[in-house]
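Every number here is computed from the coordinates shown, using simple stated rules; none is lab data. Every value quoted in this text rests on a predicted model; they were computed, and no experiment measured them. Every residue, glycine among them, receives a Cβ derived from its backbone with ideal geometry; neighbour counts consider all protein chains shown.
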Amino acid sequence: MEAAPFWRNQCRSHSERNRRLQDRPSRASRAADRIRHDQAKPGHRLDRPSGRVSLLIPKARSAATTSRRSTFLRHDEDPTMSEPQREPYLLRREPYYCPVGNEIDVFEAAHAVRMPVMLKGPTGCGKSRFVAHMAWRLGKPLITVACHEDMTASDLVGRFLIDRDGTRWQDGPLTLAARLGALCYLDEVVEARQDTTVVIHPLTDHRRVLPLDKKGEVVEAHPDFQLVISYNPGYQSLTKDLKTSTRQRFGGMVFGYPPAAIEAEIVRHESGVSLVLAERLVQMAERSRNLKGHGLDEGISTRLLVYAGQLITQGVSPLEACRMALVRPLTDDPDMLDTLDAALTTLFGSPP
Ligand SMILES: Nc1ncnc2c1ncn2[C@@H]1O[C@H](COP(=O)(O)OP(=O)(O)OP(=O)(O)O)[C@@H](O)[C@H]1O
Ligand SMILES: [Mg+2]
């Protein structure tokens, strides 16, 4: 039987692991040469052209050894990239997801070639749930980042921290995902500034690397790594949009609210209301969606329908539950509120 890789063997001491790592210069040098060859483009920083690869394990890593020198690590040569590190990001239970079309097959095909994927669709239509389901289905860790306009490149990539032992590097979520081979999900990516989102460029083309300029390291993405972004088209201002060069690094999947029968089944499953009641909730959502562009920015989402159903299963009357979960959050316009309340009374005025 073939021996397990030495870094998996928990019994070995760090010093022994260090010694064995230092005994492997030839493979490491080849890796460095290959990466350097791939990366030798104008503007790419190589601090140490002589290019010896440093393989570091956590105990050996210190500010002195890591701060100002280029370190080229391959996922399969870095012993820190072990299963226990992926563990916290693996989903233990299947996130319920009811497919609407062939989106599962399409995503699996995109994952097979590690194509970066963008999911577009209105709020509360199932984008995040889909990503969680796919991570579970593919058995891959999932690292999610909620993007916002104050987010900096360092928030994604990582930064040096000062603690009582000195300076230490802390990977950001994008770096961690690239090292671990996770699905990295940047939710509401258009909220981030364009100068922040460009850090994903080298990871989302043929290079699949992430340069950590401050650390002087180029991380080569783990073969399993895949980037997924999502946003709600139409909600953002003109100043908040993706650069063309960012857009054209992704395959796109468009999500919408599910057809009525599927949406009712989702609401029934998620909230525990009867199918009859779930169907009536969906009818209310459809009426509101017809008002999109006629006083409403967006109709009632599947998420809000689930909220209404959950209130009903808690004993709140359907009319009251719908007022609270479906109508009040939608708008502050008094006329529109009256219109929606009237629709509610038509549908829920009498007990279902
Ligand atoms: N196809 C689906 N299968 C199962 N649940 C769904 C589906 N679509 C929507 N849902 C339900 O709707 C809720 C909202 O979905 P989700 O959070 O994925 O929306 P989203 O598209 O990510 O919204 P946002 O853009 O606001 O983040 C989920 O918690 C889930 O209960
Ligand atoms: Mg979401």
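Taking amide H atoms as placed 1.01 Å from N in the peptide plane, the amide H of I300 lies under 5 Å from those of S288, R289, each 5 or more residues away in sequence or on another chain. Here the 3J(HN,Hα) profile of the stretch 287-302, calculated from phi with Karplus coefficients 6.51, -1.76 and 1.60 at θ = phi - 60°, is 4, 5, 5, 5, 8, 4, x, 10, x, 10, 6, 7, x, 5, 8, 4 Hz, Gly and Pro shown as x. Full extension of the chain segment joining D338 with K240 gains 32.0 nm, where the gain is 0.36 nm per residue of separation less the Cα-Cα distance. Summarising the amide proton neighbourhood of V209: residues at separation of 5 or more, or on other chains, whose placed amide H is nearer than 5 Å comprise L203, A221.
Full extension of the chain between E94 and V106 gives 2.4 nm of extra length, using 0.36 nm per residue less the Cα-Cα distance. Model label sites at Q194 and H206, defined 7 Å from Cα along the beta-carbon direction, differ in position by 2.6 nm. Which of K240/K292; K120/K214; K127/K215 have a Cα-Cα distance over 31 Å? Where the Cα-Cα span goes over 31 Å, the pairs concerned are K120/K214; K127/K215. With a 10 Å Cβ neighbour count serving as the proxy for reagent exposure, in which order, fewest first, do H206, H222, H148 appear? In increasing order of surrounding Cβ atoms, one gets H206, H148, H222.
Averaging over all projection directions, the Cα-based convex hull of the stretch 260-348 occupies 4.9 nm² in the image plane.
Taking a quarter of the surface of the Cα convex hull of the stretch 111-240 gives a mean projected area of 8.8 nm².
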